[in-house]
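The values are calculated or read from the model by the stated rules, or taken from the named source; none is laboratory data. Keep in mind the model is a prediction, meaning the values are calculated, not measured. Cβ sites come from the backbone with ideal geometry, for glycine too, and all protein chains shown count toward neighbours.
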């Protein structure tokens, strides 16, 4: 299949957020962290399939089939607790493709890792980047409901500020304070600190 003319439709940030909020709120039990695997497997009926060598041989953490039946994840990372946060984000990322790119993926005819690699290898790199960026944004909004992040952010900011004052550190720059909070917020939502930093940076947007 020729992917050289592949184009990703533009999606505004608020469109991606709305879609993430809509699908999460339809199935979510309001607990944090969001149980992404339950939503994918129980509510949406997709099968999460650990695939040996997916990352080692192809460089991918996960991919979704064009018929929306399977989400394949790297076997080693799936069963390694040190990669649990990354796997959660990868699953939410693939859900983003299902919600945002359903028509696109159906035309790609991806049903194996070889199919996905052929697509990755031949699609224009700027278009692949747009596709992945949209799915990453979806994952961030899906796993980190912004109304709850705002509450947790305010609570933690007060706690950290009081700790610094007691330690004799006053007038700490907000950016320094936020950097001091990111790891704790990441633990609450069970995502990586890097992903949480992006969520916090866009909290007021």
>> Looking at the stretch 30-45, can you tell me whether even one residue there is closer than 22 Å to residue 108 by Cβ and surrounded by 13 or more Cβ atoms within 10 Å (Cβ to Cβ)?
In response: yes
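Residue 166 - would you say it is touching a helix residue (DSSP H, G or I) at 6+ places or on another chain (Cβ under 8 Å), surrounded by fewer than 16 Cβ atoms within 10 Å (Cβ to Cβ) and outside the structural domain of residue 37 (by TED's automatic domain parsing)? Show your work before the answer.
On the way: touching a helix residue (DSSP H, G or I) at 6+ places or on another chain (Cβ under 8 Å): no; surrounded by fewer than 16 Cβ atoms within 10 Å (Cβ to Cβ): yes; outside the structural domain of residue 37 (by TED's automatic domain parsing): yes.
So residue 166 does not fit the description; no.
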> Do you know which residues across the stretch 49-75 are out of contact with any helix residue (DSSP H, G or I) (no Cβ under 7 Å at 6 or more places or on another chain) and loosely packed, with under 15 Cβ neighbours inside 10 Å?
Replying inline: 53, 56, 57, 59, 67, 69
> Which residues, taken from the stretch 19-29, are loosely packed, with under 13 Cβ neighbours inside 10 Å and under 22 Å from residue 152 (Cα atoms)?
Replying inline: 22, 25, 29
> So is residue 186 in a helix (DSSP H, G or I) and assigned by TED's automatic domain parsing to the domain that holds residue 84 or not?
Replying inline: no
